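Report on the following structure.
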Amino acid sequence: MISALPIAGTTSRGAFRIVRRALLALIVLALVVAAGAGAWLYRRAKASLPQLDGAIKVSGLAGRVEVLRDSHGIPHLRASSQEDVLFAQGYVTAQDRLWQMDLSRRFAHGELSEILGESTLKLDIESRTLGFPQACERAFAELDADSRQMLSAYARGVNAFITTHQDQLPIEFLLLRYRPRPWREADSFSIALNMARSLSHSWPDELMRERIRAKVSPEHYSALFPDHSPLDRPVTVPIPSSGVAPQRAPAARLPRGEILDPALATLVSPFGKSLAGLGSNNWVLSGAHTKSGKPLLVNDPHLGHRVPSVWYMIHMKAPGLNVSGVTFPGLPAVILGHNERIAWGATNTAPDVQDLFVENFNLRDPSKYLHNGQWIDADVRDEIIKVRDQADYHLQVRVTRHGPVISHEGDRDLALRWTALEPRALHFPFWKIDHAQNWQEFTAALRDFAGPMQNFVYADVDGNIGYYAAGRVPIRKQGDGTVPVPGSTDDYDWTGYIPFEHLPHSYNPPSGIIATANGRVVPDGYPYFITSQWESPYRTARIYQLLEAGGSFAVPDMLRIQSDIYSIEDRWLAQQLVAAA
């Protein structure tokens, strides 16, 4: 018995050594596999990066295009024709941002779940319900020949990259195991619709306002939602009376419907303001306030932080064109920037362009709804949403004369009327703006801008400055669209849009200063209703405070003002707290 003990110990130690060696071998093997996979992934990701040097031969160009990248990677395009420079814009944008472009397109078309699964189904349902795919197709069908040619050249450039890089597509396509379909001209409108959705978001506020309005007195309701402030700095010149005074909707006590996308509740505060910290500012100074004697124009559009950025910087030069600025990946031309004679920028005006209508559907036949005492047919659309690794999701969408039904609760259905879903709502005037040489040509191009309504500021080399709030804003028979209204009659329908000549604007004001920061831009007595939810005036007031302090400004001064962190609002609050104490 005693002599067996050393043998047992030796066997145990030998077994331990064998297990240890096996584990060590497995660890080494795992490390080798991980290193190999990492090296392959690195090479694969690097292979999908844009080619920055050398020559690329692609079919579809009429002549040679030069692509120069500066130290920031910004492309500078030079071509012998404007069609070729648009082709090149599509190509280099796809080089840099194809994954972002495809994801944006899928977001608008309600096709995210096809690659990402059930987690994005609610977003797809929203896009399909709103009818974004149909809106894109209609917008392309409405285009004039010149605009079609522009979009076609851009799309050909995108597709030239996709076709020649099937084995070098961005790594996201490989990880999700799918390939992008060719870029269509109509797909560019999906980018515009996504931007319209992010900048036009009043309808959830209507439900919130309705709920509060039913519980408080009119005096308390007005106090909760002020639309004027002593700090307001209206920009516009006096506008002729429209002859129709805006009217407020009666305080209807209708039960609140369910919001289409419950995720919106996490983005909107109890008072209907976005918690994302979005907002923009811009201003323009005449030469009377600058060291150079020429205007200075400043713009900082505070869209949400994203990786990659929502903006894409580019410079394009061709015969009759020399324009620099930013655009959205998937959209041709320059959206904000300057050419050799003019510069322009924009901030969101945020008008109320979304109205909720309470529709009465026939309980026996839910495809019919009431209009002026008659049952009429709704347009019924069956949508099939593909969901990765799951069965297709079938969605039925009903559309009334006001728009898609976005909410159903009991016998109450809410239809959304929104300027972005109206015919001829997606005109694209920026190619004309890129070519504009003066105020007259600039504003002529803005006539075709349907929205989302923007505060455009302007300056030119001749010393002129200007401002125009361009975009469609509805005129209502009655009410102001701040709460849901009955849809069974024509009583609350839209009768048209504010005429372009009557939109807020200013040209060479005596002060030589124009500034906006999403606050109220119209004076008392303005004859049309734009919104009752102007952003707080503190940012605008601070800009004017700095600009009106005097001095001869130069570019570094503009940067200093953009970087200013003084808050009039916080200062006011501190004074109130000290006084209360």
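The values are calculated or read from the model by the stated rules, or taken from the named source; none is laboratory data. None of these values were measured; they are calculated from a predicted model. Neighbour counts are summed over all protein chains in view; Cβ atoms, including those assigned to glycine, are modelled from backbone coordinates with ideal geometry. Keep in mind that these areas ignore ligands, DNA and RNA; they rest on the heavy atoms of the full protein, side chains included. Shrake-Rupley method; radii C 1.70, N 1.55, O 1.52, S 1.80 Å.
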task: Could you work out how far helix 121-130 tilts from the main Cα principal axis of the chain, as a 0 to 90 degree angle to the nearest 10?
output: 30
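For the chain, give the magnitude of the charge dipole about the Cα centre (Cβ charges: +1 Lys/Arg, -1 Asp/Glu; no others), in debye to the nearest 20. Walk me through the intermediate numbers first.
On the way: 58 positive and 61 negative charges, 440 e Å.
My answer is approximately 2120 debye.
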message: Using each residue's phi in the stretch 556-561, evaluate 6.51 cos²θ - 1.76 cosθ + 1.60 at θ = phi - 60° and report the 3J(HN,Hα) Karplus result to the nearest Hz, with x for Gly and Pro.
response: x, 5, 5, 5, 4, 5
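Please give the contour-minus-distance gain from residue 300 to residue 501: 0.36 nm per residue of separation, less the Cα-Cα distance, rounded to one decimal in nm. If you can, show how the numbers build up before the last one.
Values: separation 201, 0.36 × 201 = 72.36 nm, distance 2.65 nm.
Here the segment from residue 300 to residue 501 would lengthen by 69.7 nm.
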Residues of type aspartates and glutamates that residue 291 reaches as a straight line, Cα spacing below 17 Å, ignoring anything fewer than 8 places off in the same chain: 460, 462, 548, 557
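Would you mind getting me the FRET efficiency between residue 122 and residue 71? Use the beta-carbon distance for r and R0 = 60 Å, nearest 0.05. Let's see the in-between values first.
Numbers: r = 42 Å, r/R0 = 0.70.
Working from the Cβ atoms, E equals 0.90.
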task: For residue 336, enumerate residues with amide H under 5 Å from its amide H, sequence gap 5+ or separate chain, H modeled in the peptide plane.
output: 326
Above-threshold pairs, the threshold being 28 Å between Cα atoms, out of 57/432; 57/317; 294/317: 57/432
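Give the shape of the stretch 505-581 as rounded, prolate or oblate, defined through the alpha-carbon gyration tensor: a ≥ b ≥ c are the square roots of its eigenvalues, a/c under 1.5 means rounded, and otherwise the shape is prolate if a/b is larger than b/c and oblate if not.
Values: a/c = 2.32, a/b = 1.08, b/c = 2.14.
Oblate shape, in that a/c is at least 1.5 and b/c is the bigger or equal ratio.
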query: Under 30 Å from the Cα of residue 477, which lysines turn up, not counting those fewer than eight places away in the same chain?
result: 215, 273, 368
The stretch 488-566: relative contact order in percent, alpha carbon pairs under 8 Å with at least 6 residues between: 26
task: Enumerate the amide H contacts of residue 368 below 5 Å, restricted to partners 5 or more residues apart or on another chain; note that Pro and chain-start residues carry no placed amide H.
output: 362, 378
field: Per residue solvent-accessible surface (Å²) - the chain, probe of 1.4 Å
entry: 49
message: Between 0 and 90 degrees, rounded to the nearest ten: what's the tilt of helix 132-141 against the longest Cα principal axis of the chain?
response: 70
message: Compute the distance from the alpha-carbon center of the stretch 355-430 to that of the stretch 308-335, in whole Å.
response: 36
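Identify the trypsin sites (Lys or Arg not before Pro) of the stretch 163-212 meeting these criteria: DSSP loop state and at most 11 other C-beta atoms within 10 Å of the C-beta.
Values: sites: 177, 184, 197, 209, 211; in loops: 177, 184.
Taking the stretch 163-212 and a limit of 11 other Cβ atoms within 10 Å, the loop trypsin sites (Lys or Arg not before Pro) found are 177.
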- prompt: Among the DSSP beta bridges whose two residues both lie in the chain, what percent are antiparallel, rounded to the nearest 5?
  reply: 90
- line: the stretch 152-177 and the stretch 476-520 have their Cα centres apart by a whole-number Å value of 42
- prompt: What are the lysines whose alpha-carbon lies under 27 Å from the alpha-carbon of residue 386, with same-chain residues fewer than 8 places away excluded?
  reply: 122
- line: Projecting the Cα atoms of 522, 507, 463 onto the charge dipole of the chain, where Lys and Arg contribute +1 and Asp and Glu -1 at Cβ, the residue farthest towards the positive end is 463
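What is the packing order of peptides 161-170, 480-489, 12-21, 377-386, taking the mean over residues of other C-beta atoms within 10 Å and listing the highest first? Intermediate results must be reported in sequence, preceding the final value.
Numbers: 161-170: 15.7, 480-489: 21.3, 12-21: 10.0, 377-386: 13.8.
Going from most to least packed, we get 480-489, 161-170, 377-386, 12-21.
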- prompt: Does the chain classify as rounded, prolate or oblate by the C-alpha gyration tensor (a ≥ b ≥ c root eigenvalues; a/c under 1.5 gives rounded; else a/b over b/c gives prolate, otherwise oblate)?
  reply: prolate
- prompt: To the nearest 10 degrees, how steep is helix 145-164 against the longest Cα principal axis of the chain, on a 0 to 90 scale?
  reply: 10
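When a/c is below 1.5 the answer is rounded, else prolate if a/b is larger than b/c, else oblate, so apply that to the stretch 49-186 with a ≥ b ≥ c taken from the square roots of the Cα gyration tensor eigenvalues.
Numbers: a/c = 2.49, a/b = 1.39, b/c = 1.80.
Judged from the Cα gyration tensor, the stretch 49-186 comes out oblate (a/c at least 1.5, b/c at or above a/b).
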query: Suppose R0 equals 60 Å; then what is the FRET efficiency for residue 221 and residue 35 from their Cβ-Cβ distance, rounded to the nearest 0.05?
result: 0.35
task: Please list 87, 529 in order of solvent-accessible area, largest first, computed with a 1.4 Å probe with all protein chains present.
output: 529, 87
field: Accessible surface of the stretch 318-450 [probe 1.4 Å, protein heavy atoms]: carbon and sulfur percent
entry: 49
query: Protein chains only, probe 1.4 Å: how do 555, 307, 235, 67 rank by accessible area, largest first?
result: 307, 555, 67, 235
- line: So the FRET efficiency between residue 164 and residue 64, C-beta based with R0 = 22 Å and rounded to 0.05, is 0.80
